[in-house]
Amino acid sequence: MSTDILYKALRASQRGQNYAFATIIEATLKGTPRKAGAKMVVFDDGTSYGSIGGGRNEKSAIAECLKAIQNQKPATVTYNYFGRKGESVCGGQMKVFIEPFTASDQLIICGAGHIALPLSALGKILGLKVTIIDDRKEFANKKRFPHVDKIIVGNHAKELAQVSIQPNTYITIVTQGNEYDFECLKTVIKSTAKYIGVISSKPKRVKFFGRLKKSGVEEKYLKRIHIPMGIDIGSQTPEEIAISIAAQIVAVKNKDYTGTDKFQN
């Protein structure tokens, strides 16, 4: 097996991209284009690298990989080359193991203030890859956030626009100013992020939604936003607010298991 395919998978993981391997685990000695051990990697955007033989069966395997990425379940499929209708005529059979891999869930915290500190710690406890974005070096630094994976210093919205956002990304907006919050929200509102939340009062929500609607943002995007974010537990301190936000993120993450999104604001 070429190490190039492993490098491609590693790079995908580093980008936060999901993928699946398709590996031939059994093949007849004759009649199949590739033998046991042949492997290809399929990324969640439908692109692939490597080959398990090409043609109709490889196209089918790519579809199976995308399905496995979606439902996060491995599978074993069998392909025939016996010449029946719709099949190749080489004569043979191979079994392919489909194995999906999910990149680490990512928590992006826009802002490095009082709420960001306990929220980032909770994010790491939950196993998330945590990124901090802030334009203040005195706040966004390794001394203050030694536990996070990445710190970006610069304009919140501009830097956020450069971050790779995937369906397993959770975005929390807790900057030092309403205008910074709004620009960050506007930047990601149409992204594929699984969670987008903004620290907010109810009047701020009304104001933000009014501006977004005026700029042409559709209702379907507004419905995705958690604003004010966090579960209502009567939070007072930054630590309590961070707990309420983390709890809401867990609720959204486990929606498929609970069958509810009752913590949507």
Between the residues Ala103, Asn155, Gln93, the Cα farthest towards the positive end of the dipole of the chain, that dipole coming from +1 and -1 charges on the beta-carbon of Lys, Arg, Asp and Glu, is from Gln93
For the chain, longest principal axis from Cα atoms; helix 3-15 axis from its Cα atoms; angle between them, nearest 10 degrees, is 20
Taking the chain as the reference, fit the longest principal axis to its C-alpha atoms, fit the long axis of helix 202-214 to the helix C-alpha atoms, and give the angle between the two in degrees, 0 to 90, nearest 10. 60
Keeping all protein chains in position, work out how much accessible area Lys253 exposes to a 1.4 Å probe, and write it in Å² to the nearest 10. 80
Cut-off 12 Å between beta-carbons: net charge of the residues surrounding Leu107, Lys and Arg +1, Asp and Glu -1: +3
Considering only protein heavy atoms and a probe of 1.4 Å, how much of the accessible area of the chain is carbon and sulfur, as a whole percent? 53
Comparing Tyr19, Tyr49, Tyr170 in a Gaussian network model of the chain (Cα, 10 Å), the one with the largest mean-square fluctuation is Tyr49
Can you give the accessible area of Lys220, probe radius 1.4 Å, in Å² rounded to 10? 120
Tell me the angle of helix 116-125 to the major Cα principal axis of the chain, expressed in degrees between 0 and 90 and rounded to the nearest ten. 30
Hey, can you grab everything whose amide H is under 5 Å from the amide H of Ile171? Only 5+ residues off in sequence or another chain; H modelled, so Pro and N-termini drop out. Ile108, Tyr195, Ile196, Gly197
Would you grab the residues whose amide H sits under 5 Å from the one on Lys35? Only those 5+ places off in sequence or on another chain, please, with H modelled 1.01 Å from N. none
Shape call for the range 156-265 from the C-alpha gyration tensor, a ≥ b ≥ c root eigenvalues: rounded (a/c under 1.5), prolate (a/b greater than b/c) or oblate? rounded
Report, in deg cm²/dmol and to the nearest 500, the calculated mean residue ellipticity at 222 nm for the chain, where each DSSP H run with n ≥ 4 adds -39500 (n - 2.57) and the sum is divided by the residue count. -10500 deg cm²/dmol
Within the chain: Cβ-based charge dipole about Cα centre, in debye rounded to nearest 20 (Lys, Arg +1; Asp, Glu -1): 480
Please give the peptides 95-103, 227-235 ranked by average Cβ packing (other Cβ atoms within 10 Å per residue), highest first, as a rough proxy for protection. 95-103, 227-235
Cα lying deepest toward the dipole's positive end in the chain, options Thr237, Thr47, Ser2, charges on Cβ: Thr47
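The values are calculated or read from the model by the stated rules, or taken from the named source; none is laboratory data. Nothing here was measured: the structure is a model prediction, and the numbers come from that model. No Cβ is skipped: glycine too gets one built from the backbone with ideal geometry, and neighbour counts run over all protein chains shown. Only protein heavy atoms, including side chains, enter the accessible area calculation; ligands, DNA and RNA are left aside. Shrake-Rupley method; radii C 1.70, N 1.55, O 1.52, S 1.80 Å.
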